[in-house]
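Asker: The following block contains the structure, expressed as structure tokens.
Every number here is computed from the coordinates shown, using simple stated rules; none is lab data. Source: prediction; values computed, not measured. Quick reminder, even Gly has a Cβ in these numbers, built from the backbone with ideal geometry, and neighbours come from all protein chains shown.
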Amino acid sequence: MGAGVAGLVAAYELNGRGYDVDVYEASPRVGGRIHTHRFGPEPAAPYVELGAMRIPTKHRHAMRYVRELGLIDRVRPFRTLLSEASNYLISESGPVRLSEAMPALVGSLQRRLPRSGYREASLRFAAFLTLAVEAIAPVYMRGQLLGNPMQIGRLVDRLDGMDLGPYLPEPDRSARLAEFFVDNPGFRSLLPLGLDGFIDDIVTETNADLVSLEGGMDALPRRLADALTAAVWVDHKVVGIRARKQDVVIEVVHAKRTIVRRYDYVLCTIPFSALRHIRLCDFDPDKLAIVRKIEYCPATKVAFYCREPFWRNDGISGGASFTGGGIRQTYYPDSGSVLLASYTIGEEADRLGRMKPADRHEYVRQQLAKVHPQILEPGMVRAAASQAWGHDEWSRGGCTVRWGKDDGQIADELELAAAPQNHLFFAGEHCSKNPAWIDGAIESALEAVDGIDADLTGSYPVRRSA
Ligand SMILES: Cc1cc2nc3c(=O)[nH]c(=O)nc-3n(C[C@H](O)[C@H](O)[C@H](O)COP(=O)(O)OP(=O)(O)OC[C@H]3O[C@@H](n4cnc5c(N)ncnc54)[C@H](O)[C@@H]3O)c2cc1C
């Protein structure tokens, strides 16, 4: 159930092991939160990623399927947020180029610190770190760090005693946060609870080792679907699941008709945020509780197909700016005249998600004009597209979050989320140790496939619900 990357990888692997599989997908397309939007019907139309847009090369499961499905020749470096000297960041005095921003960032940091007298290197490193937090973290996490001078003071105190030479930001490159956190694992304990875990995502998102697929990330789910001998039934919405002792019965609505099907085994990759709106029978109370409880963070993207890539005349050839306010991040994809004008998570994403699409697009256009006034020129925006994942019927959230939970709580949540109910198994990013990434969704699918296979062949006992 669900033709996102977890469902498709699982179907592909089960097919490969000789099982007959059907895939039911509620929406009219495969891919789920991998969603390439094309501004036109033809395959070569300008496009933008409204869902996942990059893969860290260290994500071995995701990269394995990129290779296995013959997509390696489409892999291109992904230039990320604050990676290019010409990218902008919005400061107290307006937009500044990254290459010229350090004095302003250091000045603003110094004003927040409880004392003076820190080394220049500590201030420069801390200024970049706090900028990355400001640009990527959700509102409440930003507040915990940036609104607390004592907390920032503790960070800079510690940095003052460290050799920061290898990690410092330079005019032509951002700070080496990834290397810094690998070499200094204890430093994260100085971050407020929640941010100490989310910092991994911040580090990954500002890292140079990211790639994307030229022509659209949706090549990954599409190639998976094409490789299946399984039937993929799109526009088939699962509305009821009964996890019986010996099999699973599902109710599916298609073209206003309800179909009832019985299967020996079922794998559910429907996000729990959507699953909690489905009729669930014969589930353990613990399982029902976790389906209702897992937290999701909203995410919203807004894109403009422009008359011309005006940012190029402004010296910007890629990467992303921190445009702040209610729009947060603006990406300049390599694909022609399309601008990913706003990428938000948390409160800002929810706020945009609540607006009607036309109001949302106009709000983003007006906000973006503070950095790129050209966007207001008549005829500059040819078309707009957006996706508010928190308000999407099939996801009802951007991604799972476990912010502020300790290792024990996370392990318990994971075990419960992935625990099968009789012959009903579970996968998806919400069942993974690496949530909010394609890689985590795939990893959980592979674990579920092993679980189903083992249960069928009796090769090892799978923990069953009572
Ligand atoms: C804005 C955004 C940006 C992201 N950026 C990145 C990135 O750059 N790199 C990265 O690796 N990851 C990124 N992610 C995360 C990544 O997209 C997800 O972790 C991954 O795609 C989740 O896959 P999944 O199969 O678990 O879930 P989904 O893709 O959500 O698949 C679940 C499927 O179930 C279907 N469904 C729901 N309800 C029903 C029902 N009742 N009946 C039948 N089907 C149903 C849905 O339509 C969907 O197709 C991003 C996510 C978002 C939202």
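Asker: Within the set of other residues whose C-beta is less than 13 Å from the C-beta of Ala320, count the net charge using Lys and Arg as +1 and Asp and Glu as -1.
Answerer: 0
Asker: Please report, largest first and rounded to whole Å, the three semi-axes of the ellipsoid equivalent to region 276-327, where each semi-axis is the square root of five times an eigenvalue of the C-alpha gyration tensor.
Answerer: Over the Cα atoms of region 276-327, the semi-axes work out to 46, 13, 9 Å.
Asker: Sticking with this one: For the chain, with only Lys/Arg (+1) and Asp/Glu (-1) charged at the beta-carbon, what is the dipole magnitude about the Cα centre, in debye rounded to 20?
Answerer: With only Lys, Arg, Asp and Glu charged at Cβ, the dipole is about 960 debye.
Asker: In a shell of Cβ-Cβ distance under 11 Å around Val266, excluding Val266 itself, what net charge do Lys and Arg (+1) and Asp and Glu (-1) give?
Answerer: Counting the neighbours of Val266, the net charge comes to +1.
Asker: Something else about it: Expressed as cubic angstrom per residue, what is the convex hull volume of the alpha carbon set of region 326-466?
Answerer: 161 Å³
Asker: Hull surface divided by four, with the convex hull built on the Cα atoms of region 152-263: how many nm²?
Answerer: Taking a quarter of the hull surface, the average projection is 14.0 nm².
Asker: Separate question: Using all C-alpha to C-alpha distances in region 88-207, build P(r) with 10 Å bins and read off the rounded percent in each one.
Answerer: Cα pair-distance distribution for region 88-207, in percent: 13, 50, 36, 2.
Asker: Here's something else I'd like to know. Can you check what the Kirkwood hydrodynamic radius comes to for region 296-391, Cα pairs only, in Å to one decimal?
Answerer: Computed over Cα pairs of region 296-391, the Kirkwood hydrodynamic radius comes out at 13.2 Å.
Asker: Cα-based Rg of region 387-457 per 2.2 N^0.38 Å, rounded to two decimals?
Answerer: My calculation over the Cα atoms of region 387-457 gives 1.20.
Asker: Related question: State, as an integer percentage, the relative contact order of the chain based on alpha-carbon contacts under 8 Å between residues 6 or more apart.
Answerer: 22 percent
Asker: Let me know the Rg and Dmax you get for region 1-154 when you use only its Cα atoms, in Å.
Answerer: Answer for region 1-154, Rg first and Dmax second: 22.3, 69 Å.
Asker: What is the Cα radius of gyration of region 207-313 over 2.2 N^0.38 Å, N being its residue count?
Answerer: Computed over Cα atoms of region 207-313, the ratio equals 1.52.
Asker: For region 308-327 and region 372-445, what is the separation of their Cα centres, given in Å?
Answerer: Between the Cα centre of region 308-327 and that of region 372-445, the gap is 26 Å.
Asker: Okay, next question. Starting from the eigenvalues of the Cα gyration tensor, five times each then square-rooted, give me the equivalent ellipsoid semi-axes of the chain, largest first, whole Å.
Answerer: 40, 27, 19
Asker: Using Cα pairs closer than 8 Å and at least 6 residues apart in sequence, work out the relative contact order for region 296-391, in percent.
Answerer: 41 percent
Asker: Using +1 at the C-beta of Lys and Arg and -1 at the C-beta of Asp and Glu, which of Leu113, Ala178, Gly165 has the Cα lying farthest in the positive direction of the dipole of region 88-207?
Answerer: Leu113
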